[in-house]
1. Just the residues that are closer than 20 Å to GLN149 by Cα and either at pLDDT 90 or above or over 19 Å from the mean Cα position of the chain (by Cα) (or both), please, taken from segment 109-122.
2. Out of ASN17, ASN51, which single residue is modelled with pLDDT under 95, among the polar types (S, T, N, Q) and touching a strand residue (DSSP E or B) at 6+ places or on another chain (Cβ under 9 Å)?
3. Kindly provide the set of residues from segment 51-107 that are within 18 Å of GLN5 (Cβ to Cβ) and touching an Asp or Glu at 6+ places or on another chain (Cβ under 6 Å), ordered by number.
4. For segment 99-146, enumerate the residues that are surrounded by 16 or more Cβ atoms within 10 Å (Cβ to Cβ), of a type outside the set (A, V, I, L, M) and part of a helix (DSSP H, G or I).
5. Considering segment 21-45 alone, what residues qualify as being within 13 Å of PRO59 (Cα to Cα) and surrounded by fewer than 21 Cβ atoms within 10 Å (Cβ to Cβ)?
6. I'm told LEU199 meets every condition in (1) out of contact with any helix residue (DSSP H, G or I) (no Cβ under 6 Å at 6 or more places or on another chain); (2) in a loop (DSSP other than H, G, I, E, B) except one. Can you identify the failing condition by its number?
7. How many residues does segment 74-98 hold that are more than 18 Å from the chain's Cα centre (by Cα), in a loop (DSSP other than H, G, I, E, B) and closer than 23 Å to ASP169 by Cβ?
8. Regarding segment 80-97, can at least one residue be identified that is surrounded by 15 or more Cβ atoms within 10 Å (Cβ to Cβ) and polar (S, T, N, Q)?
Amino acid sequence: MSLIQVKDLYKIYQMGNTEVRALDGVSVSIEANEYVSIMGPSGSGKSTLMNLVGCLDTPTSGDFFMDGINVASMSDDELAHIRNKKIGFVFQTFNLLPKSTSLRNVELPLIYNGEIKAKDRKEMAMSALERVGLGDRVHHKPNELSGGQRQRVAIARALVNNPAIILADEPTGNLDSKTGEEIMALFDDLQNQGNTIILVTHEEYIAEHADRVVRLLDGKIAVDEATPKAKKK
């Protein structure tokens with residue numbers, strides 16, 4: 001059974017008298033430990049697909065299964081539970097709290113889980129920061145870190161709940177090319193450690209880190225193919 005299975009997914013917006021089909025019958029499956037890039041021009045539907053897979057939104061119609069459970073018709077509270085348990089998010093703009101330390105920023109998702117004690121939260125956050133090479137920056141605030149280090153904190157925050165899936169939206173968009181390659185090497189390592197990674201990007205060289213590229217156009221899948229990296233395996 002696929003970790004993610006999307007079947008005939010539609011997301012339709014009504015803009016005055018115009019119907020906009022952000023997703024127009026998309027079907028795609030993603031296996032556990034797979035690394036998939038989602039590409040497409042502006043307005044192609046890639047962000048909409050990312051939001052649906054990330055349980056940030058619900059489709060107009062169609063089915064979306066995660067671990068065999070249909071989440072397409074879940075309530076907002078149920079979606080929030082799935083997000084907190086199964087998905088880690090990494091954004092282009094880092095989305096860190098500016099006055100909080102790296103450790104506190106990484107702890108944040110755990111605070112929403114009332115079952116985890118404060119001592120355990122700290123240990124889990126420390127472990128996540130060490131995993132991304134920032135064990136010596138736990139007490140630094142974002143303005144004391146480089147762009148690449150801030151993105152590493154954001155990745156540690158995404159990892160702290162041990163999610164099944166990491167969703168990364170243009171994670172190198174605000175970084176120079178050298179730092180961007182360092183971040184992509186980290187994603188490669190995370191896949192090697194067993195994580196499933198779904199990455200939205202408009203950069204071909206970034207997409208080639210994945211095993212597979214799904215290209216969207218006008219709300220439909222135009223291409224779904226293995227990358228040169230996957231073909232070498």
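1. Matches in segment 109-122: LYS122 only.
2. Result of the check over ASN17, ASN51: ASN51.
3. ASN51, GLY62, ASN70, ALA72
4. SER102, ARG104, ASN105, GLU107, PRO109, ARG121, LYS122, ARG131, PRO142
5. Scanning segment 21-45 gives ARG21, ASP24, GLY25, SER27.
6. Among (1) out of contact with any helix residue (DSSP H, G or I) (no Cβ under 6 Å at 6 or more places or on another chain); (2) in a loop (DSSP other than H, G, I, E, B), the lone unmet condition for LEU199 is (2).
7. Number satisfying all stated conditions: 3.
8. Taking every residue of segment 80-97 in turn, at least one turns out to be surrounded by 15 or more Cβ atoms within 10 Å (Cβ to Cβ) and polar (S, T, N, Q).
The values are calculated or read from the model by the stated rules, or taken from the named source; none is laboratory data. If you're wondering where the values come from, they're calculated on a predicted model, not measured in any experiment. FYI the Cβ positions are ideal-geometry reconstructions off the backbone, even for glycines, and counts take in every protein chain you see.
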